[in-house]
1. With +1 on each Lys and Arg Cβ and -1 on each Asp and Glu Cβ, and nothing else charged, work out how big the dipole of the protein assembly as shown is about its Cα centre, in Debye to the nearest 20.
2. Translational diffusion coefficient of segment B:1-129 at 4 °C, 1.567 mPa s, Stokes-Einstein with Kirkwood Rh over Cα pairs, in µm²/s as a whole number.
3. Hey, what's chain B come to in accessible area per residue, 1.4 Å probe, Å²?
4. If each Cα of the protein assembly as shown is one equal point scatterer, what is log10 of I(q)/I(0) from the Debye formula at q = 0.08, 0.09 Å⁻¹?
5. Treating the beta-carbon of each Lys and Arg as +1 and of each Asp and Glu as -1, no other charges, what is the dipole magnitude of chain B about its Cα centre, to the nearest 20 debye?
6. Every other copy gets compared here: list the nm distances from the B:Pro356 label point (7 Å along Cα to Cβ) to its counterparts, shortest first, one decimal.
7. Over the whole of A:50-62, what's the average partner chain Cβ count within 10 Å per residue? Rounded to a whole number, please.
8. Taking amide H atoms as placed 1.01 Å from N in the peptide plane, list the residues 5 or more away in sequence, or in a different chain, whose amide H sits under 5 Å from that of B:Val361.
2 protein chains.
Amino acid sequence: MAQNLFGQIDPPQRLLMGPGPVNAHPRVLRAMAADMLGQFDPEMTAYMNETMALYRRVFMTENQWTFLIDGTARAGIEAALVSLVEPGAKLLIIRAGRFGLLLSEIAQRIGAEICTLDLPWGEVATLEQIESALIEHKPQVMACIHGDTSTTMAQPLEGVGALCRKYGVLSYADATATLGGMAVATDAWGIDVVSGGLQKCMGGPPGSAPITISDHAAKYIMSRRHVEAGIRASDTLDGSRPRISSNYFDLAMVMDYWSEKRLNHHTEATTMLYGAREAARIMLEEGLEARFDRHKAASNAVVAGVRALGLNVFGSDAYRMTNVTGIWIPEGINGENVRTRMREDFGIEIGTAFGPLAGKVWRIGAMGYNAVKHKVLLTLGALEACLAAEGYKVSRGAGVDAALAEYS
Amino acid sequence: MAQNLFGQIDPPQRLLMGPGPVNAHPRVLRAMAADMLGQFDPEMTAYMNETMALYRRVFMTENQWTFLIDGTARAGIEAALVSLVEPGAKLLIIRAGRFGLLLSEIAQRIGAEICTLDLPWGEVATLEQIESALIEHKPQVMACIHGDTSTTMAQPLEGVGALCRKYGVLSYADATATLGGMAVATDAWGIDVVSGGLQKCMGGPPGSAPITISDHAAKYIMSRRHVEAGIRASDTLDGSRPRISSNYFDLAMVMDYWSEKRLNHHTEATTMLYGAREAARIMLEEGLEARFDRHKAASNAVVAGVRALGLNVFGSDAYRMTNVTGIWIPEGINGENVRTRMREDFGIEIGTAFGPLAGKVWRIGAMGYNAVKHKVLLTLGALEACLAAEGYKVSRGAGVDAALAEYS
């Protein structure tokens, strides 16, 4: 065969300082090199149970139903919404960025009746605003984004779960961009369902979505349970409520698969499970507080550095995520030229932006394995050089020095 | 923290001779150990394009739209059906096993009007039966399973695509269990959409679903296109037909992401892409015909071996898949006891069965990296010993000898 088989996988070594994916921890990648097990092998199901136990601690929860969805972070979001929201049910969505819009997008396809609490990109909702919206709209479900990387803002969630329970509303939060980097205090917040991803602060590759579900939400989801014809037993009891409108994302069936029943659904993505399990072990070895502090220190250094370069940081200091920083592109500078120089000359990737911020804002992430001093310093040094090459007047060395000072 | 972090990933070395997942080729696992790239890095998009080119050859097609769905094989099935079948559209499903039932299950949730061509588990449909069903039901879409591992039968698909086109029907086939092991002749068959998985004959881990889409089907799917609000440009043109009822599985958006437009959708699962790309390279290096012959030889040896042990093979020799063999569990023998002995004493996994065949049939797979002589011989030798230990009268050595003879 003369046809091209291309070369081996051999990516250039990049330092990924954008909003994710970021470089994976080498231990995660090594764990993923282990060979397969049968899906019902006792060794495999033990790994599944251990992964559940580890992610309970990652999500700061006692929820029994804490496991993985086999797909990228977006798969976790859709699994949560399609299982929590019946066609025609009223869903309140807090929207202040691209991922808030994504929740609407998914919910429209489910056939939900959508009501929204809309804020300008970059703002966050107050508890009062949320309570007013709950009172006004009387939704069955509330959905929001914890950290929306499109705006780099973190929605405070303390008290939000309690508010939702007060009004009998099931709650969902997407923590894709914060899990592993900021506290995702599922139980303290009282949020019913929280989902995440591996490829940001967890320090793993994209392709697995950890999720946790309160007993209260699990009971509701089980009321929509409908076991597949090909594997149902004669005594199978289905739930009384409308069937979940996706098979792959049917959390009732996924829970049956992750339960001691081990009712076959998909074939668990073994390699991604190995990686997710190792990413959680690394996080818990470090300790949650130490890890959150490490992210905060890196983020503070990024902010100090870019400000010392005369750049303006996007959004309010009070609500910024501590793992990704938005930076206004200075007037007269072509943002994409700077990004290209960063990649081509320094092997460093920083992020662009979406929607109303496209072309106006860069995003620098310091996430997971990359939320460390030397990577922040190297990024600031490179950014300074690229800005200078594009004709931006910059005080050379100022960014690196300010970040060093912030660290010490 | 005194809490248990469990040990490193360190699975026992199993020989997986069931219906999948099977052992992954070590080259695939090594490729997956490479670090991340940014999702729009030119090196990453080049890998994506190369993966498309490689899977065109795997699917024996010229289809431009040949790429990966980020999820297990079941995710590929749901992406195909939810994108091809509008709520209320008429879908003809050929059902002769568990995975035919799964197609119904998914289609019910989409809200399709389902009509079926039902056959007893283990039979296949003739072209005449399919044509009659097309004439009788006048569906918009026809869906079927190429190799249904629940019955070990392969539905012949030659002529099926042409028949569907004759009646103006879009066609879908699931080739999860055959891709990489038997010819999946997408263009020769004229099937519009075919999806597969990695964890069977492709010799990779579960978690990625290759899919191929004809231009004809892509045009239809694009007529249902609806770009997300968070990333839509002012000149975005949506399609005129009803929106696809899943965001994650919206093939129109996934095509935009894999196209030169690179319109952001999910974040491609980098590690699984590396693995899928390497699995295809290994297959194409071997050559399609050589690979199919290797599977057939292994399957023939399994059949010869188990028959020499006095066991009966499930289903018709004319239609059996060449990578998994169903074997009737002999009377008086507890099938699960034999499987446990196989695993615990020999480290070998063979499969159980579902639905009407549960407890009656074992399934021995010889797939991908495991479709080789020595693994077949080791499995037959172990099976004989386990049968003998369970009190089955067996002529010792007969299975191995028969398989060796079949190979020579």
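The values are calculated or read from the model by the stated rules, or taken from the named source; none is laboratory data. Worth saying up front: this structure is predicted, and the values here are computed from it rather than measured. Glycine gets a Cβ as well: all are built from the backbone with ideal geometry, and neighbour counts include every protein chain shown. Accessible surface is based on the protein model in full, side chains and every heavy atom, while ligands, DNA and RNA are left aside. Shrake-Rupley method; radii C 1.70, N 1.55, O 1.52, S 1.80 Å.
1. Magnitude of the dipole: close to 200 debye.
2. 68 µm²/s
3. Value for chain B: 33 Å² per residue.
4. Normalising to I(0) and taking log10 leaves -0.66, -0.84.
5. In debye, rounded to 20, chain B gives about 400.
6. 6.1
7. 1
8. B:Ile329, B:Ala353
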